[in-house]
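The structure appears below as structure tokens.
The values are calculated or read from the model by the stated rules, or taken from the named source; none is laboratory data. Note that the structure is predicted; figures quoted are calculated from it, not measured. A quick note on method: Cβ atoms are made from the backbone with ideal geometry, for glycine too, and the neighbour counts reach across all protein chains shown.
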Amino acid sequence: MLGFRDDYDYVRALEVFQTADYTEMAISRAIGREEILRMATSDVPHVLRRTRESSRLNTLIRLYFLGLPVPVEAARSALAPVPLESWVEGELLCPPGSEDQVAPRVQIWPVNGLTLAVDLPWRRSTAPPPDFVVPPGVLTLELARAMIRRPCERVLDLGTGSGTLALLAAPYAGTVVATDKNERAIVFTRFNARLNQIGNVLCRVGDLFEPVAKQRFQLVLCNPPFVISPTQRYLFRDSGERGDVFCRRLVRSAVDYLEIGGFYQFTANIAQQVGRSWKSDLEEWFEGLGCDVLALVDRTDDVSDYALTWILSTESKEAALVSQLYENWMDYFERERIEAVSYLLITLRRSPGGPTWTQIDDPPCRIVGPCGDELVRFFECRDLFTANHVERLFNSRLRLAPEIRIEQEYTMTPGGLDVCNIRVKKTGGLQYPLNIHRNVTRLLAGCNGNQTLRQLLAEMADYLGVDWDRTVSVVLPAVRSLIERGVLLAVDPPKAEV
Ligand SMILES: C[S@@+](CC[C@H](N)C(=O)[O-])C[C@H]1O[C@@H](n2cnc3c(N)ncnc32)[C@H](O)[C@@H]1O
């Protein structure tokens, strides 16, 4: 069973990785990739060359990041003070081979300050086993950045895999329940919790919400097996249900496990079917649920790209097999009339009652940094606007968020250079392409935290030479959307009355 016999070995093992600086940044420097997630199998020779000098970090990278054998003595000294024999007994290393080499039994990922064991990278020509435990992926990390990090009592991470999201949520929660249908995933999560000295994560094996029946949470996180595929090969990838039915079903069940006001944050794929509006299909997922929903579209792939991405990353790279699998996948999409698939990151809040809203933000957004607070602010602003507390908004003093840049694009006209495009850009958190009108830029220039929105709009009406009502009807929607997206901040943050 994965794990050290002696409790103290967990502490010492974590120190091994910490003192070696086994971090995302150090590894990305060593492998020459900006993000360690982007390392391809074809990078291995190049990484071996870059890590050929003898050092603790280089040995750990070869052993536990590349997942390759290293000389026994190099391993012994890199893994000290925990004896090599304890790593072998704990199923983290194979027993040393005849060639004086020792091979790893797990891969170890540094993720946002955590050190996480997962299954070794799969390098054989056959497919990995169905219960393979994957390292955190691009969408895990996006969900981690979007995670609402506010102190709360109870968090659920459904389909926890290696436990990444559960362990990242742990500092903000009284208890985190981490569940998975895959027993091996739960073994890894337990090990990772102990290795990272995190004591408030309860690990449970079971299907969907079965291990947490009748319990309620303030935050539910889920990066489910959302891939739309013709097969049910892997627990981490395929739900075994037709099209996007699994994601849809998961949404409808999750609400029963949320406290009123609680959030459910999850990733999903939605099928775009020929002749149908996928946005209407998505809105249907939430109909009658009593929840407010913000759905961010990460990207949309046509089915051919989608099939190839998943086949190459999870099935095989062997040309003949890839072609055969590609045919299967494409036949399936044709039968199901699916022409594209969108990747979504959805934040849903269980409403206390009254009218609810669903917003689908289609211009692809990028989550470049932590944005849980931005998402909460978005919901608070929508409360305020829905409650029609416009008077309070008029009295708010607004300032431009510090991380905002405004770009102008000019075009040559007979009268000289003319501004044709103005874009608002944020440098952190959640990034959208946002185009604004030049009059709104003028208003933004006055948002220094001293003037109220009423004063800013009055100046605008004056400047435009139009009456107050018309100014408000044209400019207020733009201002609201800039507040919702964190471009403008209220100096006295608007709060909805309950
Ligand atoms: C895409 S992986 C995500 C793992 C992890 N949360 C992450 O983001 O790295 C999906 C996880 O859901 C688990 N899973 C699949 N079907 C499940 C089910 N019916 N009930 C609970 N967990 C399930 C898989 O075993 C896998 O660990």
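Applying the criterion of at least 3 residues that are among the hydroxyl-bearing types (Ser, Thr, Tyr) to the helices (runs of 4 or more DSSP H) found wholly in segment 417-498 leaves 468-484.
Being in the same structural domain as Trp285 (by TED's automatic domain parsing) and on the phi > 0 side of the Ramachandran plot, is that true of even one residue in segment 181-192?
Residues of segment 181-192 that are in the same structural domain as Trp285 (by TED's automatic domain parsing), as a first pass: 181-192.
Narrowing the set further to residues that are on the phi > 0 side of the Ramachandran plot leaves none.
No.
Does any residue of segment 270-287 turn out to be within 14 Å of the ligand (Cβ to nearest atom), in the same structural domain as Arg149 (by TED's automatic domain parsing) and in contact with a strand residue (DSSP E or B) (Cβ under 9 Å, 6 or more places away or on another chain)? Within segment 270-287 (the criterion being within 14 Å of the ligand (Cβ to nearest atom), in the same structural domain as Arg149 (by TED's automatic domain parsing) and in contact with a strand residue (DSSP E or B) (Cβ under 9 Å, 6 or more places away or on another chain)), the answer is no, since none of the residues qualifies. Of the residues making up segment 58-89, those that are under 35 Å from the mean Cα position of the chain (by Cα), farther than 24 Å from Leu37 by Cα and of a type in the set (Ser, Thr, Tyr) number 1. In this entry, Arg242 is excluded by the filter for residues that are in contact with a Pro (Cβ under 8 Å, 6 or more places away or on another chain), touching a residue at least 60 places away in the same chain (Cβ under 8 Å), away from the ligand (no atom under 13 Å from the Cβ) and within 30 Å of Trp329 (Cα to Cα).
Would you please name the residue that is nearest to Leu208 (Cα to Cα), looking only at residues in segment 144-159 that are within 16 Å of the ligand (Cβ to nearest atom) and aliphatic (A, V, I, L, M)?
In this case the residue turns out to be Leu158.
For segment 136-168, residues that are in a loop (DSSP other than H, G, I, E, B) and surrounded by 21 or more Cβ atoms within 10 Å (Cβ to Cβ) total 8. A single entry from Gly174, Gly163, Gly137 fulfils the requirement of being in contact with a helix residue (DSSP H, G or I) (Cβ under 9 Å, 6 or more places away or on another chain), modelled with pLDDT of 95 or more and small (Gly, Ala, Ser): Gly163. Take the residues in segment 120-133 that are within 11 Å of the ligand (Cβ to nearest atom) and surrounded by fewer than 22 Cβ atoms within 10 Å (Cβ to Cβ); name whichever of them is modelled with the lowest pLDDT. Result: Pro130. Could you run through segment 294-345 and say how many residues are free of Cβ contacts under 8 Å to residues at least 40 places away in the same chain and β-branched (Val, Ile, Thr)? Going through segment 294-345 one residue at a time, the tally reaches 4. Taking segment 435-464 as the range and being touching a residue at least 60 places away in the same chain (Cβ under 8 Å) and hydrophobic (A, V, I, L, M, F, W, C) as the test, the residues that pass are Leu453, Leu457. A search for C-beta distances below 7 Å between a residue of segment 257-276 that is without any contact (Cβ under 8 Å) to a residue 12 or more places away in the chain and any residue that is of a type in the set (Gly, Ala, Ser) and in a strand (DSSP E or B), counting only pairs 6+ apart in sequence or on different chains, returns nothing. Residue selection: Arg204 satisfies the criterion of being touching a residue at least 24 places away in the same chain (Cβ under 8 Å), assigned to a strand (DSSP E or B) and either within 11 Å of the ligand (Cβ to nearest atom) or outside the structural domain of Leu156 (by TED's automatic domain parsing) (or both).
Picking from Thr179, Thr175, Thr189, which residue would you name as being within 12 Å of the ligand (Cβ to nearest atom), part of a strand (DSSP E or B) and of a type in the set (Ser, Thr, Tyr)?
After ruling out the rest, the residue left standing is Thr179.
Of the residues screened, Arg299 is not one that is surrounded by 15 or more Cβ atoms within 10 Å (Cβ to Cβ), away from the ligand (no atom under 12 Å from the Cβ), of a type in the set (Lys, Arg) and closer than 30 Å to Arg38 by Cα. Taking the listed residues Val419, Val424, Val472, Val487, the one that is buried (at least 16 other Cβ atoms within 10 Å of the Cβ) and either farther than 26 Å from Asp373 by Cα or without any contact (Cβ under 8 Å) to a residue 40 or more places away in the chain (or both) is Val472, with no other qualifying. Every residue in segment 30-47 that is in a helix (DSSP H, G or I) and surrounded by fewer than 15 Cβ atoms within 10 Å (Cβ to Cβ), please. Arg38, Thr41, Ser42, Pro45, His46 - these are the residues of segment 30-47 that are in a helix (DSSP H, G or I) and surrounded by fewer than 15 Cβ atoms within 10 Å (Cβ to Cβ). Whether a residue is surrounded by 12 or more Cβ atoms within 10 Å (Cβ to Cβ) and in contact with a helix residue (DSSP H, G or I) (Cβ under 7 Å, 6 or more places away or on another chain) was assessed, and Leu464 passes this test. Is one or more of the residues making up segment 219-239 modelled with pLDDT of 95 or more, more than 9 Å from the ligand (Cβ to nearest atom) and closer than 28 Å to Gly261 by Cα? The answer is yes; a qualifying residue exists.
Where residues in segment 1-29 are aromatic (Phe, Trp, Tyr) and over 19 Å from Ser55 (Cα atoms), which of them is surrounded by the most Cβ atoms within 10 Å (Cβ to Cβ)?
Across segment 1-29, the extreme among qualifying residues is Phe4.
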